[in-house]
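Quick one: the structure is below, and I'll ask about it shortly.
The values are calculated or read from the model by the stated rules, or taken from the named source; none is laboratory data. All values reported here derive from a predicted model rather than from experimental measurement. Methodologically, a virtual Cβ is constructed for each residue, glycine included, from the backbone with ideal geometry; neighbour enumeration extends over all protein chains shown. All accessible areas refer to the heavy atoms of the entire protein, side chains included, with ligands and DNA or RNA removed. Shrake-Rupley method; radii C 1.70, N 1.55, O 1.52, S 1.80 Å.
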Amino acid sequence: MDIVMYVLFLAVGFAGGVLASQAALTRRLDQREALKGPKAELPQIAVNVNVSEELVARYLAAYNLVAIPRDALKGLEDSLQTRH
């Protein structure tokens, strides 16, 4: 029984130490964030890519692509999943 009480005492002390260190770290991080001031807002970047239809057609022609209608794949969805 003494061993159980000793282990319980050590577990409670360890848990208390972990919680105290987390509280101290959280407090330090909050103070650091407060000292930094307001966060700078990054400007929104808009990217516009203009690609000609001819370039897209040449790119797609470089591959052997086969278009399969979604209706044809509806019955196969469950059977295509791999089982581990």
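Give a quick list of trypsin sites (Lys or Arg not before Pro) in region 5-56 that DSSP marks as loop, anything other than H, G, I, E or B, with at most 12 other Cβ atoms within 10 Å.
Loop-located and lightly packed - Lys39.
Now a separate question. For a quick check of your reading of the filter: which chymotrypsin sites (Phe, Trp or Tyr not before Pro) in region 1-75 sit in a DSSP loop and have no more than 12 other Cβ atoms within 10 Å?
Taking region 1-75 and a limit of 12 other Cβ atoms within 10 Å, the loop chymotrypsin sites (Phe, Trp or Tyr not before Pro) found are Tyr63.
Further, regarding this structure: Explain nothing, just compute: Karplus ³J(HN,Hα) = 6.51 cos²θ - 1.76 cosθ + 1.60, θ = phi - 60°, for every residue of region 60-70 in order, whole Hz, x for Gly and Pro.
5, 6, 6, 10, 8, 9, 10, 7, 10, x, 5
Which length gain, in nm to one decimal place, applies between Thr26 and Ile45 when the Cα-Cα distance is subtracted from 0.36 nm times their residue separation?
3.5 nm
May I ask you to rank Asp71, Asp30 by accessible area, largest first, using a 1.4 Å probe over the protein chains only?
Asp71, Asp30
For the chain, compute Rh as the Kirkwood radius over C-alpha pairs and then the Stokes-Einstein diffusion coefficient at 4 °C and 1.567 mPa s; write the answer in µm²/s, rounded to an integer.
60 µm²/s
At 1.4 Å probe size, with the rest of the protein present, what percent of the exposed accessible area of the chain is carbon and sulfur atoms?
Carbon plus sulfur share of accessible area: 62 percent.
May I pose another question? Can you tell me the orientation of helix 2-36 relative to the chain, as the angle in degrees between its alpha-carbon axis and the longest Cα principal axis, to the nearest 10?
Helix 2-36 sits at roughly 60 degrees to that axis.
In a Gaussian network model over the chain where Cα atoms closer than 10 Å are linked, find which of Ala15, Ala23, Ala72 has the largest mean-square fluctuation.
Ala72
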